[in-house]
Amino acid sequence: MRLRRFAAAIAPLSAITLIIGTVPAQASAEPLVALADNAAPLVDSSRTGDAGADQPITAALSLKLHNEGALERFLADVQNPASPQYRHFLTPNQFSEAFGPTQADVDTAMSFLKQSGATGIEVSGNRQAITFALSTGQAQSAFHTRIGRYHDNANGRDFYANDSVPALPAAVSAVVANVVGLDNHAVRKHYAVKNTADPRVVKAVTPVILKSAYGVTAAQGTGSGVNVGFVEFDGYQKSNITQYDSTNGLSAGSVTTVSVSGANFDLNPGGGQIEVELDVEVVHALAAAANDFVYEAPNSSAGELAMYQQIASEARVSVMSVSWGSCEPAEGASQARSVNNALATGAAEGISYFVAAGDDGTTDCARQTGSLARTVDFPASSPNVTAVGGTRLNVTSANAYQSESTWNDGSSGGSTGGGISTIFNAPSYQSAQSTTRRKVPDVSADASPSSGYRIFSAGQFVTVGGTSGAAPLWAGFATLQNARHGGKLGNLNPTFYSIGNGSTYTTGFHDITTGNNSFNGVTGFTAATGYDQTTGWGSFKSAALAGLIG
């Protein structure tokens, strides 16, 4: 979750022209093009002065994809059983040849950065992103905007940000979609909710309980041979995961840290350690034998983009679990679309992403910006991922499934995220849901701290809830399906919606029909028969849904 707001209004071109005259610029007769979606998070913030000219900035250029219409059609066809392209996923090289930026595009952007004095330049393996470092003075000259010091009046943070949208020479803007990281207002947070009030725990769930309740049998395997990835902005201690596995009698695969942009937090994990260990251990609850790849990146806009592009470039994993995000207004359209290109790339390569839908009901910005406006979480709102909402799971004394309701513990606790995107249009698989915009969540699973996940973290067993637990549980289910199919399955949403809209819906899903996600005094959505914006299609009946996936 990034504590970051983007201005609702974009500075007009006339204002850009005025600023250009006051900022040192490279001598060039080439016209400048303003990147209108790249406004900085200045709402409810006060400018306190100019940023120091020598202050270092790490940023990134997100390059434009080619043939985007054809890519959209391919993403639909590759999940359509009637298409000859069904589940014929692309390799990273094939994607780059068909849709990625060309080497000439990269050369144009690189030449611009070098002329601007950039150092530490790194190009993503698929040529879609270029990370670099500049001083503030160099960035002002390169992007034709002053960079100021700001104070966030809502959360008290001090940060730097570009005063106006960046502008680029026309030839450069022809290949660059967005400039990422001209501000450092971004602070990503996770959705793990630790239950410190033990009396609220009705029954903490263990691997035995989860498998029994959700119908995961020994015949469905252990996930052996499948590679699972995790998006993380903090580190973990492998000994904690080993203790979880040992206590629960799990025979686990390997756990490997993958450094992004030089980040590795494992020697000194921070406050997000519980998130990383929750993610890995919940996947182990269902699919312990899979090989885990924990991607760790700097907690910044450039770090986030580099993370998702590296995952797509390597394409070493079949399933990704994501429990870090931010409300769409905090994410900003330019950053969200840049990351979404990486997610689309991964989906075309067969990667299945399962993303936490957030823990603030329909007011996803409440704990980030203080806003109670209706909004949803990103990257859960991407049409290329499966957004996972939360439930409260009830089991019998024999650990069998009894019921589920919408997770909603009120403003003092949390509630499953759900609503309508303001950035992304409705994908074709949601056409029956009568919306012009992407709706979330798609599915759901246990997230209430009262029925939370019993994990081992920081040297002790704790009970943890939140949609941060629901997302890796679904990732674990998908891992079992990848093993069963002997290959990647990609974005499973078209399959889920086809099942949900058909006669076999309740065969594969537990339909959650009670509860709502009203939160912070704002009326949300109410659970109902079929799809709803509290729990999506519901939770999985593992054996039955596996059969319906085909």
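Residues of the range 202-214 that are buried (at least 17 other Cβ atoms within 10 Å of the Cβ) and at pLDDT below 70: none at all. Residues that are under 17 Å from Val440 (Cβ atoms) and touching a Gly at 6+ places or on another chain (Cβ under 7 Å) within the range 507-521 comprise Phe509, Ile512, Asn516, Asn517, Ser518, Phe519, listed in sequence order.
Only one of the numbered conditions (1) buried (at least 24 other Cβ atoms within 10 Å of the Cβ); (2) in contact with a Lys or Arg (Cβ under 9 Å, 6 or more places away or on another chain) is violated by Ser415, and that is (2).
Any chance the range 101-121 includes a residue that's in contact with a Gly (Cβ under 8 Å, 6 or more places away or on another chain), outside the structural domain of Arg337 (by TED's automatic domain parsing) and either touching a residue at least 12 places away in the same chain (Cβ under 8 Å) or not in a helix (DSSP H, G or I) (or both)? No, that holds for no residue.
For Gln460, the conditions (1) closer than 20 Å to Thr363 by Cβ; (2) surrounded by fewer than 22 Cβ atoms within 10 Å (Cβ to Cβ); (3) modelled with pLDDT under 95 all hold with the exception of (1).
Answer yes or no: is there a residue in the range 279-294 that is touching a helix residue (DSSP H, G or I) at 6+ places or on another chain (Cβ under 6 Å), in a loop (DSSP other than H, G, I, E, B), at positive phi and buried (at least 24 other Cβ atoms within 10 Å of the Cβ). No, every residue in the range 279-294 fails to be touching a helix residue (DSSP H, G or I) at 6+ places or on another chain (Cβ under 6 Å), in a loop (DSSP other than H, G, I, E, B), at positive phi and buried (at least 24 other Cβ atoms within 10 Å of the Cβ). Across the range 27-69, the number of residues qualifying as surrounded by 13 or more Cβ atoms within 10 Å (Cβ to Cβ) and not in a loop (DSSP other than H, G, I, E, B) comes to 14.
Got a sec? Which of Ala336, Ala387, Ala344 is under 21 Å from Thr513 (Cα atoms) and outside any loop (DSSP other than H, G, I, E, B)? First the steps, then the outcome.
Details: Ala336 fails: under 21 Å from Thr513 (Cα atoms); Ala344 fails: under 21 Å from Thr513 (Cα atoms).
Result: Ala387 is the single residue among Ala336, Ala387, Ala344 that is under 21 Å from Thr513 (Cα atoms) and outside any loop (DSSP other than H, G, I, E, B).
Condition check for Gln481 on (1) within 21 Å of the chain's Cα centre (by Cα); (2) at pLDDT 95 or above: one failure, at (1). Against the numbered list (1) in contact (Cβ under 8 Å) with a residue 60 or more places away in the chain; (2) assigned to a helix (DSSP H, G or I), Val276 comes up short only at (1).
Looking only at residues in the range 486-520 that are free of Cβ contacts under 8 Å to residues at least 40 places away in the same chain and assigned to a helix (DSSP H, G or I), the one that is nearest to Leu75 (Cα to Cα) is Gly500. Annotation: Ala426 fulfils all but one of (1) touching an Asp or Glu at 6+ places or on another chain (Cβ under 8 Å); (2) closer than 24 Å to Pro329 by Cα; the unmet one is (1). At pLDDT 95 or above, crowded, with 19+ Cβ neighbours inside 10 Å and not in a helix (DSSP H, G or I): does that describe Ser83? So Ser83 does not fit the description; no.
The values are calculated or read from the model by the stated rules, or taken from the named source; none is laboratory data. None of the values given here were measured: they were computed from a predicted structure. Using ideal geometry, Cβ is built from the backbone for each residue, glycine included, and neighbour counts are taken over all protein chains shown.
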